[in-house]
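Following: one structure in C-alpha cells, then a few remarks.
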Amino acid sequence: MCGIVGHVGRAPLDLAPGVFALRHRGPDDEGVYRDARGETACDLAFRRLAILDLSPDGHQPMSNEDGSVQLIFNGEIYNHLVLRKELEARGHTFRSRADTEVILHGYEEWGDGVLQRLRGMFAIGLWDLKKQRLLLARDRLGIKPLFVAEENGRLLFGSEIKALLALGVSREMDARALPHYLRYLYLLPPITFFRRIRRLAPGEKLVWEKGRSEVSKYWDLAMPPQHRDEKLIVAQLREMLEEVVRDHLQSDVPLGVFLSGGLDSSTIAALMARHSKTKVRSFCMTFGEGEGLYDEREHARRVADHLGLQHTEVPVRPDVAELLPEMVRGFDEPFGNPTALLTWLLSREVRKEVTVALAGDGGDEVFLGYPRYQGARISGAYRLLPGGVRNALAHQIAPLIRESSIGRHWPRRAREFLATGALSPEEMYESWVGYFTPDETDTLIGARARGVDGVESAPHLRDLFARAPGGGLVDRASYVDLKTFLPANLLCYTDRMSMAHSLEVRVPFCDHRLVEFMSSIAADQRMSLTQSKRLLRAAMADLLPPETLARGKLGFNPPMGIWLRKQLRGLTDELLEPKRLAREGFFDPKVVADLVREQREGHRDLALHVWSLLVFQSWQTLYKPEPS
C-alpha cells in the first residue's frame, strides 16, 4: 500500500512537495524517477508502506530491464503469483517477489490488456519512454483513489488531492460540486471541489500521449441477472468466498479484521480463521453510555469466542470537534458521511497492533443487505394502489410521521417510502439515497455558489439506472450502488481514514469476480421480502453462530444526533453562526438556522444534514478555496 504522484509535461517538475504530502500513505520508503530525454518530461514519485516483499527489491518506481517502462503502483495484486508463472513461461525474468513487477512485465506482454488480467485493488501510473505515453488506471470497483489535473500543457496525478495542491494546482473551487455534495454527502466522478482537479472513475484508464489525454472504461458489469439453481449457487458462492479471502491474506506483516458481529464482518473473520496460519486478531469499536443503539460489542464478542479469535475492543470517547479538522484533512474536500470519523478512530488503534486489516465493505451491495432494497421490492406492489391513494399517503400521511433523532431509522424510512410513492421508480430510489432535495438545495445555497452552469456534470443516478444491464428495480438499484455509493462513499472513507494512519484495509467482497458472480443472479434469489442476504447466510450456515446468521443490519454509524446536541453544540453555533454565514456567502443564514432548530427540537432526523454543513464549513476554513 502506497501513495503515488507524477507529472508529464514539456519541462521537469520537482515532485518533492507532493511526495511529502503523501508521507502518511507510505512511511517505509520513498522513490523518485525523473526523465527529460524525449519530447516530454516525466516525473514519478512514490511513498511505500511495505506489505509484500519487505526487501529493497520492492522499491518503486520500478522499471523493466532496459528502463524503457517505469511504474508506480498503489495497491495489491492478489493473483500476482499466477501471472508471474505465465509470464515466466513466456520468457520474462523477475528480479523481486513484489506484485509490482508483474504489472511491468504484463504491460510488456499484453499492453493495456494487462489491466483485464489483474485481480486486486490498484491505482497505476506507467510511463512508456519509447512511446512517450503515460497510462493511468484505477481498479474496477474503485478501492484505490486516483486524481488528475491538466493545466498549461501538463498533466499531474496523485493518490490524494493534497499532493496536487502541494505541487501548485489551483485552489479555485468548483461550485458545481456543492449541489452534488448536499444531495449525496459525497461527490461522484469526475468532479471534485477543485475546478482543475478531477477524479478517475472506477474501472477507467487515462492515456496521455502527445499532450492529449483520453479517458475510457476498461470494465463494467455486463451480464443481465437471471435465475439459477440455488443449491449450485450456494456451493459456488462458498467456494468463491474461501478463495477470495485466502487470496487477501497474502502478507509479510501482521493482519487483523474489523469485526462488528454483523454478517459481513463475521463472514470475513470466519474465513480468515479457517485459512490463517496464525491466530486472527479482531477489533470492535464500542460506544459510551446512552449510545447503546450503536454498540455491537456483545455480538462481536459472541463471534470472536465462537471462532477463537484474539479479540480487542476499542472504546470511543471522541472529542468530535477536534477530530473534524483531522477528518477533513484526510479527504481534502467536504465528505459528509460521519462514519469516516469512526473509521479514523478505529484505524488509529488497530494500526498499533497490525499493518493490514480486512473489512466487510461491499457486502450490502453485493449480497443485497440494505433495507432500501426491500423497500424497492415492496414498491412494486405499492404502485398497484390507485394514484389518488398514493398521493394522499405522500402528502397527508407522510408529513405526520415524526422521525427519530437518536438513531431509530424506521420512522424516517417509512416517511420516505410514503412520500415518494407517487414518483417514478428511479426518482423514488434517488430520493432514498439523497439528503437535501433539489428544492432545499436551491433555497440553501448562497450567492457565492449560485449561477453555475453544468451542475449535472457528474453521472446522475437516473442515467446509471438506464445503463444497468437488466433486471428489475432491485437489480438496477444494486448496480447503481456499486457504481456510486460503494466507491464514492464507503470505499472512499475506508481508504482515506485508514491510510491516514498507514493502515492497509482490504475488502474481499469487492473482488470483481465475486461482484460479477453475484450480479448475475436475480435479486429475488439474493433476498426475499423477509430476509436480506439469503445466499450469503446459506453459504456460511456451518461456520457462524445461529444468532449471527439471523441478525438484521445495524450499520456502522456514530450517534450523530446525540453528538450534535451535546459535544458538537458549541461547534455548530460557531461554524453556522448567521453573521459568519452571511459574510462567507455559501449558505443562506436563515435557512441554516431553521434547519439547526428543527434538528435540535427532534421533529425530523436531520443530523446528517447539519453535519454536512459543519464539514463544509470546516473545509473552507482550512483550505480557503479561491472563488470560481
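Throughout, read-outs are computed from the coordinates displayed, never taken from laboratory work. Just so you know, these numbers come straight off a predicted model, no measurement behind them. Cβ atoms come from the backbone with ideal geometry, glycine included; neighbour counts cover every protein chain shown.
Residues in the stretch 594-616: is at least one under 28 Å from the mean Cα position of the chain (by Cα), closer than 19 Å to Arg176 by Cα, among the charged types (D, E, K, R) and surrounded by fewer than 21 Cβ atoms within 10 Å (Cβ to Cβ)?
no
Inside the stretch 76-107, can you point out the residues that are assigned to a helix (DSSP H, G or I) and surrounded by fewer than 17 Cβ atoms within 10 Å (Cβ to Cβ)?
If the condition is that a residue be assigned to a helix (DSSP H, G or I) and surrounded by fewer than 17 Cβ atoms within 10 Å (Cβ to Cβ), then Leu81, Val82, Lys85, Glu86, Glu88, Ala89 are the ones that fit.
Please determine whether any residue of the stretch 496-505 is closer than 30 Å to Pro179 by Cβ and not hydrophobic (A, V, I, L, M, F, W, C).
yes
Take the residues in the stretch 146-199 that are touching a Pro at 6+ places or on another chain (Cβ under 6 Å) and in a helix (DSSP H, G or I), then tell me which one is nearest to Ala340 (Cα to Cα).
Looking at the filtered set, the residue picked out is Tyr181.
Within the group Asp542, Asp573, Asp588, which residue is free of Cβ contacts under 8 Å to residues at least 40 places away in the same chain and over 30 Å from Pro315 (Cα atoms)?
Just one listed residue meets the conditions, Asp542.
For the stretch 200-227, enumerate the residues that are within 23 Å of Asn152 (Cα to Cα) and part of a strand (DSSP E or B).
Lys205, Leu206, Val207, Trp208, Glu209, Arg212, Ser213, Glu214, Val215, Ser216
Out of the residues in the stretch 5-37 that are touching a Pro at 6+ places or on another chain (Cβ under 9 Å) and of a type outside the set (Gly, Ala, Ser), state the one that is surrounded by the most Cβ atoms within 10 Å (Cβ to Cβ).
Tyr33
Here is a check on your reading of the model: is Asp573 under 28 Å from the mean Cα position of the chain (by Cα), under 21 Å from Leu341 (Cα atoms) and of a type in the set (Asp, Glu)?
no
Among the residues of the stretch 240-278, which ones are part of a helix (DSSP H, G or I) and of a type in the set (Ser, Thr, Tyr)?
Scanning the stretch 240-278 gives Ser265, Ser266, Thr267.
If you scan the stretch 295-331, which residues turn out to be in contact (Cβ under 8 Å) with a residue 40 or more places away in the chain and in contact with an Asp or Glu (Cβ under 6 Å, 6 or more places away or on another chain)?
Hits for the stretch 295-331: nothing passes.
Only one of these conditions is not met by Gln116: (1) touching a Gly at 6+ places or on another chain (Cβ under 7 Å); (2) in a helix (DSSP H, G or I); (3) within 30 Å of Tyr78 (Cβ to Cβ). Which number is it?
With (1) touching a Gly at 6+ places or on another chain (Cβ under 7 Å); (2) in a helix (DSSP H, G or I); (3) within 30 Å of Tyr78 (Cβ to Cβ) applied to Gln116, the lone miss is (1).
Where in the stretch 479-541 are there helices (runs of 4 or more DSSP H), lying wholly inside it, with at least 2 residues that are within 18 Å of the chain's Cα centre (by Cα)?
491-499, 512-519
Which of the residues spanning the stretch 168-187 are aliphatic (A, V, I, L, M) and surrounded by fewer than 23 Cβ atoms within 10 Å (Cβ to Cβ)?
Of everything in the stretch 168-187, those that are aliphatic (A, V, I, L, M) and surrounded by fewer than 23 Cβ atoms within 10 Å (Cβ to Cβ) turn out to be Val169, Ala175.
Considering each residue of the stretch 551-593, count those that are assigned to a helix (DSSP H, G or I) and either under 16 Å from Leu614 (Cβ atoms) or hydrophobic (A, V, I, L, M, F, W, C) (or both), and give that number.
Residues flagged as assigned to a helix (DSSP H, G or I) and either under 16 Å from Leu614 (Cβ atoms) or hydrophobic (A, V, I, L, M, F, W, C) (or both) within the stretch 551-593 amount to 22.
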